[in-house]
Number of protein chains: 2
Amino acid sequence: MRAEIITVGDELLIGQVVNTNAAYVGEQLSFAGVDVATVTAVGDHEEAIERALRDAWNRSDAIIVTGGLGPTHDDITKKVLCKFFNAGLVLHEPTVESIRGLLTSRNLAWSERAQEQAMVPQGATVIPNRYGTAPGLMFERQGKVLVAMAGVPYEMKGIIDSFVVPYFHEHPSGVSILHRTFNTTGITESLLSEKLGNIDEMVGVSNEDRRTTLAFLPSPQGVRIRITVRARNLKNAQTRVEEIESRIRARAGSYIFGCDEEILEEVVGRLLKERGLTIAVAESCTGGLIADRITNVPGSSDYFESGVVVYSNSSKVELLRVAQELIDRNGAVSREVAEAMATGVRKRACTDLGLSTTGIAGPTGGKAEKPVGLVWIGYADEQETLALRFHLGNDRRRVKERAAQAALDLVRRKLLKMP
Amino acid sequence: MRAEIITVGDELLIGQVVNTNAAYVGEQLSFAGVDVATVTAVGDHEEAIERALRDAWNRSDAIIVTGGLGPTHDDITKKVLCKFFNAGLVLHEPTVESIRGLLTSRNLAWSERAQEQAMVPQGATVIPNRYGTAPGLMFERQGKVLVAMAGVPYEMKGIIDSFVVPYFHEHPSGVSILHRTFNTTGITESLLSEKLGNIDEMVGVSNEDRRTTLAFLPSPQGVRIRITVRARNLKNAQTRVEEIESRIRARAGSYIFGCDEEILEEVVGRLLKERGLTIAVAESCTGGLIADRITNVPGSSDYFESGVVVYSNSSKVELLRVAQELIDRNGAVSREVAEAMATGVRKRACTDLGLSTTGIAGPTGGKAEKPVGLVWIGYADEQETLALRFHLGNDRRRVKERAAQAALDLVRRKLLKMP
């Protein structure tokens, strides 16, 4: 089963609204085992909508249309659907009743515009809209199906959840699709790809027809590896996912900090909590970003004691007891100062772990021997103190993001006793 | 000039990634006076990409393609472009140099995969990519233009800003479109709308053909007001924008902290710098977010001395000399503690200003008299100490974001001697 999504609205073309509807529909269809081949966004123009419908109808089995079904002058999707399916409009009494109930509950009067919302194309199946006045419309012709609904996100979601997803579960495509994502950090896309080796081999020799795919999704937080498995049923798909997972973990396991939506600060938080450990951070170049991320996690007060953002040298001396002489001799951006910051903040806050960053975020302040992007990350616990050097590029915000990620990953590796 | 956007990547079809790239490109093209007619998302499949290119090329004058230009096996856009334009690959020496520089700045080794990134279709104009290894590619044929670039958002933005937007400004379409955005904070969308009054009147009576529009764009940082003016030339458009700006400022001026892309931490930084003042922050519920935002601004070390993230009560006492007895009597989330934190951090860091936050970010920890979302923001300078109370909703991250914004806005208003 091959599906397409058509989203209608000028606001999507000029970037005033990000197309979250398409993402939601795509995700739900994919969970229901339906392959989405194309997403199209067009404006509120008759010819553009008609062309998009025609193209999609010719090449796909299922089409989901959102937008342009509301009550204002620029909502023309229903008119175009009537023309496309050669259908006239008829009054749909249950929709009249439903609109009347909706208006009453918001203390609004019945109007001619409301009446128009209850006019539906002859031969269409009418799908109730709990959250608005425009009903959903389904057309089944030539073994294909088209479902159209309003573009207001919660109205759209109501119809997708209550009607479209159940529809595809009752009309299964014979394929179960399973996605799994592995979130890595501390390794570039190309190096990761080299470590995984031949991808076709990795996803299985019997991978005719691209039934299993593997994709790399890079970001400043690291590279995510996504595998997608299509199988005859969910159990087969799960088995395949587990097989591939074990191969990926064997080759790049230490770089994987989590799966699917998991983020690094949650993983680190969970590890600290499980071990009953506390942490304090001393940030220079990351400027508070590490503390911000740690404290985004609900319940982080259980293990996060305090942080200091020591931007000036005097604050490093005053708040962390870093010796002025150490800074004078090695510079603030150095292994020695990173280590002294980590031990200093750990002692000061009386925590089990201390974590520190000192570096040159740019755009100015770089020198030949200490360029923009140079960052030292320090770590201290009861047994050991160490600092690692990183080169994180030349964009101020991304240096901060990469340094924060590297620092949190250092804690993860230490807690897991990784090298 | 009619344009289309093609975005490539399976992740867009299954809803794993929301298509923010399309929104950004659409917005920038629209600013440059280019009408976007269609946005298409297709997967990493040769035939699908080829079909999308063919359709777009047949009906449009300008095509922007993002995605599928990276170094891994699923990046096939370049291959499809070669086929589509019937071009072989040639080595592009300046790209070799640029990749070498990029790898060096991150301390990474040269690899065969990196080398492949420097192979470009013959006859294409190569567009430098400051932030990644895949260069942008421009094809000009039959009076039409196609520009392709990597889909990593910051790499894509770099090429849109540095190359695509200037290109369309040099190839104008006959209409001048001017957008201006006024960034407000501390006021809701409905209240702001009431203050502005009748919008049609505001944008001008002679507004035939909706040539001028005004839109409200809410976010946790505040509400942006965007006006869009279409005129015969840039001068006319500028005059209209200035007329409307003066009306908006007369009615809601004190809420406007900046224009267009200006963000509050830049405005506050500039005000501090102009006055030669320094600041230190003491954060509880915002967890480092204020310090992170202040230090995102290049040169912030001139006025930002240090910050402390005092999550535990003992750290409030130890790092800020807040009296334990004050916390016992009033609770950590109180006017008294917010004020003591602001004066404490100011004294400790020897700065001109002290800023503090203490509140309940949730999801737990709320009580009837002190619910989730309650935040006290403290401010101290040489003359005065004060604290303001806010109720900022019940979502942990949004409470942090709104509190950080309110705190920075308090500093802005104090520096501008606003009530």
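Each reported figure results from applying straightforward, stated rules to the coordinates on display, with no laboratory input. These figures come from a predicted structure and were not determined experimentally. Cβ coordinates were reconstructed from backbone atoms using ideal geometry, including for glycine residues, and neighbour counts include every protein chain displayed.
Structure data summary
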item	result
Positive minus negative residues near B:Gly9 (Lys, Arg vs Asp, Glu; Cβ under 12 Å)	-4
Nearest-first distances (nm) between copies at A:Asn233, label 7 Å from Cα via Cβ	7.4
Cα-based shape type of the range B:2-170, given that a ≥ b ≥ c are square roots of the gyration tensor eigenvalues and the cut on a/c is 1.5	rounded
Virtual spin-label span in nm between B:Arg321 and B:Asp302, 7 Å along Cα→Cβ	3.0 nm
Distances in nm from A:Arg249 to the matching label points in the other copies, shortest first (labels 7 Å along Cα to Cβ)	6.2
Other copies of A:Leu386: label-to-label distances in nm, shortest first, labels 7 Å along the beta-carbon direction	5.2
Neighbour-limited loop hits for trypsin sites (Lys or Arg not before Pro), the range B:123-232 (at most 16 other Cβ within 10 Å; DSSP other than H, G, I, E, B)	B:Arg130, B:Arg232
Cα centroid separation, the range B:269-348 to the range A:259-302 (Å)	20 Å
Label point distance in nm, A:Glu97-B:Ser219, each placed 7 Å from Cα along Cα→Cβ	4.6 nm
Diffusion coefficient, µm² s⁻¹, Stokes-Einstein with Kirkwood Rh over alpha-carbon pairs of chain A at 37 °C and 0.692 mPa s	130 µm²/s
Positive minus negative residues near A:Thr351 (Lys, Arg vs Asp, Glu; Cβ under 10 Å)	0
Those trypsin sites (Lys or Arg not before Pro) in the range A:327-384 that DSSP places in a loop and that have at most 16 other beta carbons within 10 Å	A:Lys367
Selection from B:Ala361, B:Gly276, B:Val308 lying farthest towards where the dipole of the range B:264-415 points positive, charges on Cβ	B:Ala361
Translational D in µm²/s for the protein assembly as shown (Stokes-Einstein at 20 °C, 1.002 mPa s, Kirkwood Rh from C-alpha pairs)	73 µm²/s
DSSP bridge orientation in the protein assembly as shown - percent antiparallel, rounded to nearest 5	65 percent
Estimated distance in nm for a label pair at B:Arg59 and A:Asn58, the labels positioned 7 Å out from Cα along Cα-to-Cβ	1.0 nm
Cβ-based net charge around B:Pro218, under 14 Å, with every Lys or Arg adding one and every Asp or Glu removing one	+2
Value of [θ]222 nm, deg cm²/dmol, for the protein assembly as shown, DSSP H segments ≥ 4, -39500 (n - 2.57) each, nearest 500	-12000 deg cm²/dmol
Proxy reagent accessibility, fewest Cβ within 10 Å first, across B:Met156, A:Met119	A:Met119, B:Met156
Ranking of B:Tyr255, B:Tyr311 by count of other Cβ atoms within 10 Å, fewest first	B:Tyr255, B:Tyr311
Expected-Rg normalisation [2.2 N^0.38 Å, Cα atoms] applied to the range A:176-259	1.05
Entries in B:Lys367/B:Lys400; B:Lys273/B:Lys370; A:Lys83/B:Lys83 that, when Cα-Cα distance is taken, lie over 26 Å	B:Lys273/B:Lys370; A:Lys83/B:Lys83
Estimated FRET transfer efficiency when R0 is 60 angstrom, pair A:Arg113-A:Thr364 (beta carbons, to 0.05)	0.50
Order of B:Leu137, A:Leu416, A:Leu277 under a 10 Å beta carbon neighbour criterion, fewest first	A:Leu416, A:Leu277, B:Leu137
